[in-house]
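Single-structure report; data block below.
The values are calculated or read from the model by the stated rules, or taken from the named source; none is laboratory data. Please read these numbers as outputs of a predicted model, since none were measured by experiment. Every residue, glycine among them, receives a Cβ derived from its backbone with ideal geometry; neighbour counts consider all protein chains shown.
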Amino acid sequence: MQEYDIVIGLEVHAELSTKSKVFCSCKNEFGAIPNSNCCPVCIGLPGALPVLNKKAVELVIKAGLTIDSEINDLAVFERKNYFYPDLSKAYQISQLVRPICVGGELKLKNKIVRVNRIHLEEDAGKLIHSSGDAGTLIDYNRGGVPLMELVTEPDISSAEEAVEFLTKLRSLLVFAEVAECKMEQGGMRCDVNISVKPKGSNVLGNRTEMKNLNSFKSVYRAIEFESERQIELLEKGEKVVQETRKWDDDAGISYAMRKKETSQDYRYFPDPDLLAVRIKRDEVENIKRTLPLMPDELKKKYVSEFGLTDYDAEIITKEKFLINFFEETIKLHSNPKNVANWLITEILSKIKDEDQPNIKISPENLAKILNFIAEGKITRTVAKEIFAKVWEKDENIDALVKTMGGGISDDELENLILRIISSNPKAVEDFKASPTPEKQLKWFVGQVMKETRGKANAVKAEEKIKNILSK
């Protein structure tokens, strides 16, 4: 069987984090009563004139700066003409010739994916298909929401790389506060362009496009299915038809929707109601100064300054809420490695399956638990029990430490050690006879921890045992 290369380009849409829509003052709000956030502009009534939202332009510039795009001095808005059942004016205000951002790149583990452009456009409304007599209903609330579209070059070669690209892009947009990218709400979605060609060939095959995939899992499955479908066609001597296809996630298949359009089919022309936007260099520099350290930069900082492993630093910098939690906690506990360990092993294990992760302990409370461990007031075993109680019922840590952590006083610990030593004369002889008695010492410590159910301070117990046996 002939081997094939898969060629993938992505068109990623993200709804921008503005308070109002892109060309009117209606609220940019998810979940409102249908058609309650609408006006003559965003439902396209005759004579209504758009006014550009400056904040939306600034957020697209910010998105471009995170991937080293060039920011155009002049940006122009065009009308993209098409039958949109959920855009009543039958065209979309978008950008073609002079978008806000040109070029850029995103570094993956094993390659660099080039970005062609980022432009600003308006989102469409939402079709609601009713199974009853109502038929198909339209909610125009989303119509006119500011939408950035990022278009990649066809540099992606697998479903894994596509998901890696989207994961990293989402992290950048969320961390730079460009977009919330809540995929379950349609806040980030992706069109996937796929073609296949004989391995090593420079001639690209016909491509298909799958529209509006709104989860990483869907993107992965759609690419796997569509690439295999195209390869099967070529193996049979048939041609791949250039078309737009619909991905059915439940059935795990794609099917043809319509012939693939080109830019000529949309009959773009400059929007006569919107002036070109002149973008000044000093404005771009001002926006650049508002950018926080990006995840890759934070990862380097966490490794070099805080001594975290590459693995731990990568896990923490994947999500903004983890970064924020880590940063807040290390202000109150002086050992970043301890914080990272608890964040990854204890907290992430509890929220890993949640669609909207909710950390049920504050940075202040985690820091307090870690400080009690460092002060020797509680053991790690007791700390885990306290952590669980705070997570489940938000119980008071100081009260828990009094009842759970202070159970083994110095006198009680010493009496317990003396009893264990007197009950195990053979172990004592082995300790004194051995040139390297560490093994026997650890055995005694283990007995103490067993007797106290992990509540004793292991370091303190080892020191006391060593002093008693060395006399």
Of all residues being part of a strand (DSSP E or B) and aliphatic (A, V, I, L, M) in segment 182-194, which is surrounded by the fewest Cβ atoms within 10 Å (Cβ to Cβ)? Just the residue, please. M188
Within segment 131-163, which residues are under 28 Å from the mean Cα position of the chain (by Cα), surrounded by fewer than 23 Cβ atoms within 10 Å (Cβ to Cβ) and β-branched (V, I, T)? V151, V163
Report whether or not R98 is touching a residue at least 24 places away in the same chain (Cβ under 8 Å) and over 25 Å from E226 (Cβ atoms). yes
Given (1) over 24 Å from the mean Cα position of the chain (by Cα); (2) in a strand (DSSP E or B); (3) crowded, with 22+ Cβ neighbours inside 10 Å, where does L120 come up short, assuming only one miss? (1)
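Is it the case that segment 430-437 has a residue that's surrounded by fewer than 13 Cβ atoms within 10 Å (Cβ to Cβ) and under 20 Å from G376 (Cα atoms)?
no
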Answer yes or no as to whether I397 is assigned by TED's automatic domain parsing to the domain that holds A461, at pLDDT 80 or above and aliphatic (A, V, I, L, M). no
Note on segment 137-147: residues within 26 Å of P99 (Cβ to Cβ) and part of a strand (DSSP E or B) are P146, L147
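Just to be sure before I move on: is L59 surrounded by fewer than 20 Cβ atoms within 10 Å (Cβ to Cβ) and in the same structural domain as G200 (by TED's automatic domain parsing) in the structure I sent? Lay out the reasoning, then the answer.
Working: surrounded by fewer than 20 Cβ atoms within 10 Å (Cβ to Cβ): no; in the same structural domain as G200 (by TED's automatic domain parsing): yes.
Taking the combined requirement at face value, the residue does not satisfy it.
Does any residue of segment 355-363 turn out to be of a type in the set (A, V, I, L, M, F, W, C) and either under 20 Å from N457 (Cα atoms) or not assigned by TED's automatic domain parsing to the domain that holds I330 (or both)? Before the answer, list the steps.
First pass over segment 355-363, keeping only residues of a type in the set (A, V, I, L, M, F, W, C): 359, 361.
Those still in the list that are either under 20 Å from N457 (Cα atoms) or not assigned by TED's automatic domain parsing to the domain that holds I330 (or both) too: none.
For segment 355-363, residues of a type in the set (A, V, I, L, M, F, W, C) and either under 20 Å from N457 (Cα atoms) or not assigned by TED's automatic domain parsing to the domain that holds I330 (or both): absent.
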Just one of (1) under 30 Å from F326 (Cβ atoms); (2) more than 40 Å from the chain's Cα centre (by Cα) trips up P425, so point out which. (1)
In segment 108-117, anything basic (K, R) and not in a loop (DSSP other than H, G, I, E, B) is listed as R114, R117
Which of the following residues is in contact with a Phe, Trp or Tyr (Cβ under 8 Å, 6 or more places away or on another chain), modelled with pLDDT of 85 or more and of a type outside the set (K, R): I421, I468? I421
Does segment 290-298 include one or more residues that are of a type in the set (V, I, T) and buried (at least 16 other Cβ atoms within 10 Å of the Cβ)? no
Top-ranked residue of segment 369-395 - restricted to ones that are within 32 Å of the chain's Cα centre (by Cα) and assigned to a loop (DSSP other than H, G, I, E, B), ranked as nearest to R453 (Cα to Cα): E395
Among the residues of segment 240-256, are any surrounded by fewer than 14 Cβ atoms within 10 Å (Cβ to Cβ) and hydroxyl-bearing (S, T, Y)? yes
For segment 125-136, state whether one or more residues are in a strand (DSSP E or B) and touching a His at 6+ places or on another chain (Cβ under 8 Å). yes
Select from segment 195-239 the residues that are within 28 Å of D265 (Cβ to Cβ), loosely packed, with under 13 Cβ neighbours inside 10 Å and either touching a helix residue (DSSP H, G or I) at 6+ places or on another chain (Cβ under 8 Å) or among the acidic types (D, E) (or both) and list them in ascending order. E238, K239
